[in-house]
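Only one structure is covered here, and it is reproduced in the block below.
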Amino acid sequence: MSEAQAAKKAEGNHNITVHIRRMIPEDVPAAAALERICFSEPWSENAYLRTLTDEKALYLVAENEDGEIAGTCGLLDILGEGDISNVAVAEPFRRQRVAQRMMAELLKQGKERGIRAFTLEVRASNEAAVRLYEKFGFVCEGRRKNFYKKPDEDALILWYRTGEDAGAERS
């Protein structure tokens, strides 16, 4: 990527074009590299490869016009509930609605699979992520003390329910 292209990305161009698609094994090195940048306890390439073979898992990537991975996200169908994880966007692509587009597609595909309730954990201090999830209808229903390490921090437990599950209480 040229310096001009990098500068344009850094300016926060909201017109960036990304294609959201299912993650394939060839994406794993880039996904794992993004994990190492974004998370203090990143998934390994082997963890991603194992997940890609799980029929209950759905992992997506946002790919730009140059074939560069701009972001990743995924979910695991656990008894009909979608456990969302690994939502990450590379620094040059942040504040360009990449995470919003990935989440919209992840929820859409999850619903198509019959999932009607989705959950995730997010660092309590990650206000931008919390605001994003709230835009999709997620609500905080709990807190996990010291869930995250490096640094130690609580996780907020967010839930989103659709249809008949929207009013259901967690038991």
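The values are calculated or read from the model by the stated rules, or taken from the named source; none is laboratory data. These figures come from a predicted structure and were not determined experimentally. Neighbour counts run over all protein chains shown; Cβ positions are idealised from the backbone, glycine included.
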Hits in segment 22-65 - residues which are more than 30 Å from Asn146 (Cβ to Cβ), charged (D, E, K, R) and in contact with a helix residue (DSSP H, G or I) (Cβ under 9 Å, 6 or more places away or on another chain): Arg22, Asp27, Glu63
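State all residues of segment 70-86 that are surrounded by fewer than 22 Cβ atoms within 10 Å (Cβ to Cβ) and part of a strand (DSSP E or B); if no residue qualifies, say none.
Looking only at segment 70-86, we keep the residues that are surrounded by fewer than 22 Cβ atoms within 10 Å (Cβ to Cβ), and these are 76-81, 83, 85.
Answer for segment 70-86, where residues must be surrounded by fewer than 22 Cβ atoms within 10 Å (Cβ to Cβ) and part of a strand (DSSP E or B): Leu76, Asp77, Ile78, Glu81, Asp83, Ser85.
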Hey, Glu35 among the charged types (D, E, K, R) and in contact (Cβ under 8 Å) with a residue 40 or more places away in the chain or not: yes
Out of Ala62, Ala47, Ala90, sole residue that is over 21 Å from Ile157 (Cβ atoms) and without any contact (Cβ under 8 Å) to a residue 24 or more places away in the chain: Ala47
Selection count, segment 99-114, where residues are in contact (Cβ under 8 Å) with a residue 12 or more places away in the chain and either over 23 Å from Leu49 (Cα atoms) or among the aromatic types (Phe, Trp, Tyr) (or both): 5
Condition check for Ala70: in contact with a Phe, Trp or Tyr (Cβ under 6 Å, 6 or more places away or on another chain), small (Gly, Ala, Ser) and closer than 17 Å to Ile37 by Cα: yes
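Please verify whether segment 141-152 includes one or more residues that are among the hydroxyl-bearing types (Ser, Thr, Tyr) and either touching a residue at least 40 places away in the same chain (Cβ under 8 Å) or in a helix (DSSP H, G or I) (or both).
The initial filter retains those residues of segment 141-152 that are among the hydroxyl-bearing types (Ser, Thr, Tyr), namely 148.
Right, trim to either touching a residue at least 40 places away in the same chain (Cβ under 8 Å) or in a helix (DSSP H, G or I) (or both) and you get 148.
Yes, the conditions are met somewhere in segment 141-152.
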Residue in segment 2-54 that is modelled with the lowest pLDDT, counting only those that are in contact with an Asp or Glu (Cβ under 8 Å, 6 or more places away or on another chain) and loosely packed, with under 12 Cβ neighbours inside 10 Å: Thr17
Unmet requirement for Met102, which otherwise passes all of (1) modelled with pLDDT under 95; (2) in a helix (DSSP H, G or I); (3) buried (at least 20 other Cβ atoms within 10 Å of the Cβ): (1)
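Suppose we keep only residues that are without any contact (Cβ under 8 Å) to a residue 12 or more places away in the chain and in a loop (DSSP other than H, G, I, E, B) within segment 50-59. Which one would you say is farthest from Ile115 (Cα to Cα)? If you could, list the steps in order and put the result at the bottom.
Of all residues in segment 50-59, those without any contact (Cβ under 8 Å) to a residue 12 or more places away in the chain come to 50, 53, 55.
Adding the requirement that they be in a loop (DSSP other than H, G, I, E, B) leaves 53, 55.
Numbers: Thr53: 19, Glu55: 14 Å.
Going through the qualifying residues, I end up with Thr53.
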